[in-house]
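Peer 1: Next up is a structure, given as structure tokens.
The values are calculated or read from the model by the stated rules, or taken from the named source; none is laboratory data. Keep in mind it's a predicted model, so treat the numbers as computed, not measured. No Cβ is skipped: glycine too gets one built from the backbone with ideal geometry, and neighbour counts run over all protein chains shown.
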Amino acid sequence: MSKYRSPASLHEIQDNGDGIQCKRTDKDDDLDNGVKSVLDAVKGVNLTPSSKYDFQSVLKSLTIDELPKINIFLEILKEMKERCPDLLYDLMNVAVKNPSVISIRNITSVIVAYSALMFSRNNKNSAFQRCTTLMAVAGNAIDEFIRRLNQIGISLSCTSKLRILEKAGETSKNLLVEKLKTNQRMKITGVY
């Protein structure tokens, strides 16, 4: 028996030879009620459509080739400062308890929140999520962990993980070829 997790419910899936059968579990009701409670809680929030955040974000424009060459946190912070200073101010006020003591953790928390919000607005704004996906893979994270990070907007999906790994492999190969062209005394060790 394997588990399948959709955003709104958890099902037990069985293949009894006649095909796949889904069976609701007690967790389904808990999760469905939790989602319903969250949606009910935001009903009173007055949302007005805004194009204020529909700009060409650094989160969208950075390629996998550029990510290792820049400080993504600094680039995101610059973007926030230039394009949405009010949001930066509000998030910093939430993250920082004592304004005379601002830590790196406060700043990175704001950047993570902004990245998740921008990814939620447009899934092409995914530079930060690409980085966290690659870090999760480098740390030998299992797919279930990556799926959970994806559900909260912090990483890409497992399907996207495969595409980004393929692209990262190509980038590494191209970088190696360039290094070999300029430094022919380089020693390569590894297992094929």
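Peer 1: Of the residues that make up the stretch 178-190, is at least one small (G, A, S) and outside the structural domain of I70 (by TED's automatic domain parsing)? Steps first, answer last, please.
Peer 2: Pass one, the stretch 178-190, residues small (G, A, S): 190.
After this cut, where a residue has to be outside the structural domain of I70 (by TED's automatic domain parsing) as well, the list is 190.
So far as the stretch 178-190 goes, yes, one or more of its residues are small (G, A, S) and outside the structural domain of I70 (by TED's automatic domain parsing).
Peer 1: Surrounded by 10 or more Cβ atoms within 10 Å (Cβ to Cβ), of a type outside the set (F, W, Y) and under 19 Å from N123 (Cα atoms): is that true of S51 in this structure? Spell out the reasoning first.
Peer 2: Working: surrounded by 10 or more Cβ atoms within 10 Å (Cβ to Cβ): no; of a type outside the set (F, W, Y): yes; under 19 Å from N123 (Cα atoms): yes.
It is false that S51 is surrounded by 10 or more Cβ atoms within 10 Å (Cβ to Cβ), of a type outside the set (F, W, Y) and under 19 Å from N123 (Cα atoms).
Peer 1: Going by the conditions given, is I76 within 15 Å of F55 (Cα to Cα), buried (at least 18 other Cβ atoms within 10 Å of the Cβ) and β-branched (V, I, T)?
Peer 2: Working: within 15 Å of F55 (Cα to Cα): yes; buried (at least 18 other Cβ atoms within 10 Å of the Cβ): yes; β-branched (V, I, T): yes.
Taking the combined requirement at face value, the residue satisfies it.
Peer 1: When residues of the stretch 142-169 are filtered for being surrounded by fewer than 17 Cβ atoms within 10 Å (Cβ to Cβ) and among the hydrophobic types (A, V, I, L, M, F, W, C), how many remain?
Peer 2: Here the count works out to 6.
Peer 1: Restrict the check to the stretch 95-114 and report whether at least one residue is under 17 Å from R163 (Cβ atoms), surrounded by 14 or more Cβ atoms within 10 Å (Cβ to Cβ) and modelled with pLDDT of 90 or more. Don't jump to the end; show me each part of the working.
Peer 2: At the first step, the residues of the stretch 95-114 found to be under 17 Å from R163 (Cβ atoms) are none.
Looking through the stretch 95-114, none of the residues is under 17 Å from R163 (Cβ atoms), surrounded by 14 or more Cβ atoms within 10 Å (Cβ to Cβ) and modelled with pLDDT of 90 or more.
Peer 1: Just to check your reading of the model, which residue among S103, S120, S157 is of a type in the set (S, T, N, Q) and either touching a residue at least 24 places away in the same chain (Cβ under 8 Å) or within 19 Å of C84 (Cβ to Cβ) (or both)?
Peer 2: Values: S103 fails: either touching a residue at least 24 places away in the same chain (Cβ under 8 Å) or within 19 Å of C84 (Cβ to Cβ) (or both); S157 fails: either touching a residue at least 24 places away in the same chain (Cβ under 8 Å) or within 19 Å of C84 (Cβ to Cβ) (or both).
So the residue among S103, S120, S157 that is of a type in the set (S, T, N, Q) and either touching a residue at least 24 places away in the same chain (Cβ under 8 Å) or within 19 Å of C84 (Cβ to Cβ) (or both) is S120.
Peer 1: Right, something else. Residues that are within 15 Å of the chain's Cα centre (by Cα): list the helices (runs of 4 or more DSSP H) wholly contained in the stretch 41-130 that include at least 2 such residues. Let's see the steps before the verdict.
Peer 2: Values: elements: 58-61, 72-83, 85-95, 104-121.
Qualifying helices (runs of 4 or more DSSP H): 58-61, 72-83, 104-121.
Peer 1: Hey, another quick one. For Q129, are the conditions met, namely being modelled with pLDDT of 85 or more, surrounded by 10 or more Cβ atoms within 10 Å (Cβ to Cβ) and in contact with a Pro (Cβ under 8 Å, 6 or more places away or on another chain)?
Peer 2: On the way: modelled with pLDDT of 85 or more: yes; surrounded by 10 or more Cβ atoms within 10 Å (Cβ to Cβ): yes; in contact with a Pro (Cβ under 8 Å, 6 or more places away or on another chain): no.
Against the criterion (modelled with pLDDT of 85 or more, surrounded by 10 or more Cβ atoms within 10 Å (Cβ to Cβ) and in contact with a Pro (Cβ under 8 Å, 6 or more places away or on another chain)), Q129 does not qualify.
Peer 1: I need a count of the residues in the stretch 91-131 that are under 26 Å from T48 (Cβ atoms) and of a type outside the set (G, A, S).
Peer 2: Here the count works out to 16.
Peer 1: So for the stretch 164-176 (the condition being hydroxyl-bearing (S, T, Y), over 13 Å from I64 (Cβ atoms) and part of a helix (DSSP H, G or I)), does at least one residue qualify? Step through it out loud before you land on a result.
Peer 2: Initially, the stretch 164-176 is screened for residues hydroxyl-bearing (S, T, Y), giving 171-172.
Filter again for over 13 Å from I64 (Cβ atoms), leaving none.
No.
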